[in-house]
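The values are calculated or read from the model by the stated rules, or taken from the named source; none is laboratory data. Worth saying up front: this structure is predicted, and the values here are computed from it rather than measured. For neighbour counting, all protein chains shown are included, and Cβ atoms are generated from backbone atoms with ideal geometry for every residue, glycine included. Heads up: the accessible areas ignore ligands, DNA and RNA and are worked out on the full protein's heavy atoms, side chains in. Shrake-Rupley method; radii C 1.70, N 1.55, O 1.52, S 1.80 Å.
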Amino acid sequence: MDMPATDPFFSDYGKAVQKMHALGGSDGRNWIAQAKIHADNCHHGEVQFLHWHRHYIRFFEKICANMCGNPNFALPYWNWSKNSGRYPAPFFDRPELNVEHWNDPGKYNGKAWGPIDTVGRRGLDKTHGLLDDPVRGGSFTLANVNRIKQLPTIDLFHPSLEGQPHNNGHVVAGATKTGKTGHIGDGLSPLDPIFWLHHCMVDRVWAEWQRSSAHVTPDPKADYSGQFFDADGKPATANSTSAMDIANLDYTYDIFQAAPAVVAAARAQVAAPLIIGSAANTTASRANLETAINVSVPTLDTHAKELRAAEAAGETPRTRLLAKLSDVKGPATNDLLVNVFVNCPYLSPSTPYSDPHYAGTFSFFGAQTMKDMPGMNSRTYVVDITTAVREAGFAPDKIKLQFMPVSAAAGVESKSSFYVGKIEILSV
């Protein structure tokens, strides 16, 4: 998002937010009513996460166009990897775009999400962005986003995109030092005007992946009709199938940056991921304490040599190595980020994402507060460990996968715990 603070978008968006606040509570376009749509109906932890949120931002954009009187109004995306991942200045300087201005109530019991209790605060300020934190910013780098776009199948791409930059963006931005989570860090996250730009970035990454990857089959049974409202406040029709192509939804993105490896994978028949190692785990992980899990990988030495040879030749590796984490039981609150390392002998809570042993970061958006509905908790996470394996020293047949949980807000203590029940190392 490269916009000067004087761009008309900010005044148009501010006008729309103000008018939506002024609508009656029974109007589905009302600002708080729009946020409750998320708490009552959102999909997380499954592929429909992508389908449902695409419709959500599309209908919201049309409502904004109506409210501000600009039929050409378009939502931009918050590019996590540019300008240190900072919010555009008008989201602090314009009262209508500053979540602290509205004092919207944050208590609600969502039909899908469950109990919510948040405040109109942010964990990021005007001068500090996602990438400015050397411990918590790793998932937002351009290199990491490109690695996600290189994943060949939707079953790998989706949990990596959702579990890493999507979840982490919510959790970090909502991690205040007040003891309460900011709106964007929980089920009423759309109360913060930046939410919609965050999800436009998620949608853009998916759209890029779609342009150069294998076909994704929609879920014909997934019908979202009546969950959204059109520009005139009438219940809208939407389903999984109609979310598949943004061209049919009458919008696009200004820049598509498909990674070359994705294009190569799309031209070839994508083979099923090969499990080359696995391990079970029963150890709970806690903030600021390392959890190390040794995973036997008999062919590790061969894979590592191939990766180093490709790097020496300046070539893209023919295969990538992933850590698939499943049977995950998250914490009770969204106050942790989990940094993943490979064979790091000096690991500590302050080890930065620039360290060669670093692989990725995931977090729990919704944690265990979300009700027991299908797909409403992320049980699987995917982290690309290719670069870390190439750089790290290790035994020829074993990977030490390390979790280093840190509090979502620097300097704030977290007593939360979680565990990952199963670890698989995949070759793709």
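Is it the case that the range 314-324 has a residue that's more than 22 Å from Ile275 (Cα to Cα) and either open to solvent by 10 Å² or more (accessible area, probe 1.4 Å) or not basic (Lys, Arg) (or both)? Give the derivation first.
Here is the first cut: in the range 314-324, the residues more than 22 Å from Ile275 (Cα to Cα) are 314-315.
Filter again for either open to solvent by 10 Å² or more (accessible area, probe 1.4 Å) or not basic (Lys, Arg) (or both), leaving 314-315.
Looking for residues that are more than 22 Å from Ile275 (Cα to Cα) and either open to solvent by 10 Å² or more (accessible area, probe 1.4 Å) or not basic (Lys, Arg) (or both), one finds at least one in the range 314-324, hence yes.
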message: Conditions first: (1) over 23 Å from Pro4 (Cα atoms); (2) open to solvent by 10 Å² or more (accessible area, probe 1.4 Å); (3) in contact (Cβ under 8 Å) with a residue 12 or more places away in the chain. Ile63 passes all but one, so which condition is the exception?
response: (2)
- request: Might you check whether a residue that is in a helix (DSSP H, G or I), without any contact (Cβ under 8 Å) to a residue 24 or more places away in the chain and either surrounded by fewer than 22 Cβ atoms within 10 Å (Cβ to Cβ) or of a type outside the set (A, V, I, L, M) (or both) occurs anywhere in the range 13-31?
  value: yes
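Answer yes or no: is there a residue in the range 168-175 that is part of a helix (DSSP H, G or I) and without any contact (Cβ under 8 Å) to a residue 40 or more places away in the chain.
So the first thing to find is which residues in the range 168-175 are part of a helix (DSSP H, G or I), and the list is 168-173.
Still in the list and also without any contact (Cβ under 8 Å) to a residue 40 or more places away in the chain: none.
No.
Within the range 145-167, which residues are more than 12 Å from the chain's Cα centre (by Cα) and in a helix (DSSP H, G or I)?
Residues of the range 145-167 that are more than 12 Å from the chain's Cα centre (by Cα), as a first pass: 146-147, 149-156.
Residues satisfying the conditions are Asn146, Arg147, Lys149, Ile154, Asp155, Leu156.
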Looking only at the range 84-94, and only at residues there that are in contact (Cβ under 8 Å) with a residue 60 or more places away in the chain and over 17 Å from the mean Cα position of the chain (by Cα), the one that is surrounded by the fewest Cβ atoms within 10 Å (Cβ to Cβ): Asp93
Extreme residue, surrounded by the most Cβ atoms within 10 Å (Cβ to Cβ), among residues of the range 38-55 that are out of contact with any helix residue (DSSP H, G or I) (no Cβ under 7 Å at 6 or more places or on another chain) and not in a loop (DSSP other than H, G, I, E, B): Trp52
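Could we say that Val205 is buried (at least 16 other Cβ atoms within 10 Å of the Cβ) and in a helix (DSSP H, G or I) here? Working first, answer last.
Details: buried (at least 16 other Cβ atoms within 10 Å of the Cβ): yes; in a helix (DSSP H, G or I): yes.
Against the criterion (buried (at least 16 other Cβ atoms within 10 Å of the Cβ) and in a helix (DSSP H, G or I)), Val205 qualifies.
Could you count how many residues in the range 386-411 are over 30 Å from Asp125 (Cβ atoms), among the β-branched types (Val, Ile, Thr) and open to solvent by less than 40 Å² (accessible area, probe 1.4 Å)?
Taking the range 386-411 first, the residues over 30 Å from Asp125 (Cβ atoms) are 386-402.
From what's left, among the β-branched types (Val, Ile, Thr): 386-387, 389, 399.
Among the residues that remain, those that are also open to solvent by less than 40 Å² (accessible area, probe 1.4 Å) are: 386, 389, 399.
The total comes to 3.
Name the residue, out of Asp301, Asp327, that is open to solvent by less than 70 Å² (accessible area, probe 1.4 Å) and either among the charged types (D, E, K, R) or closer than 29 Å to Glu46 by Cβ (or both). Reasoning before the result, please.
On the way: Asp327 fails: open to solvent by less than 70 Å² (accessible area, probe 1.4 Å).
Being open to solvent by less than 70 Å² (accessible area, probe 1.4 Å) and either among the charged types (D, E, K, R) or closer than 29 Å to Glu46 by Cβ (or both) holds for just one of Asp301, Asp327, which is Asp301.
Quick check on my filter: what residues within the range 110-157 are polar (S, T, N, Q) and either touching a residue at least 60 places away in the same chain (Cβ under 8 Å) or open to solvent by less than 10 Å² (accessible area, probe 1.4 Å) (or both)? Give the steps one after another, and end with the answer.
We begin by selecting, within the range 110-157, every residue polar (S, T, N, Q); these are 118, 127, 139, 141, 144, 146, 150, 153.
Across the range 110-157, the qualifying residues are Thr118, Ser139, Thr141, Asn144, Asn146, Gln150, Thr153.
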- prompt: Within the group Phe195, Phe228, which residue is without any contact (Cβ under 8 Å) to a residue 60 or more places away in the chain, open to solvent by less than 20 Å² (accessible area, probe 1.4 Å) and under 19 Å from Lys36 (Cα atoms)?
  reply: Phe195
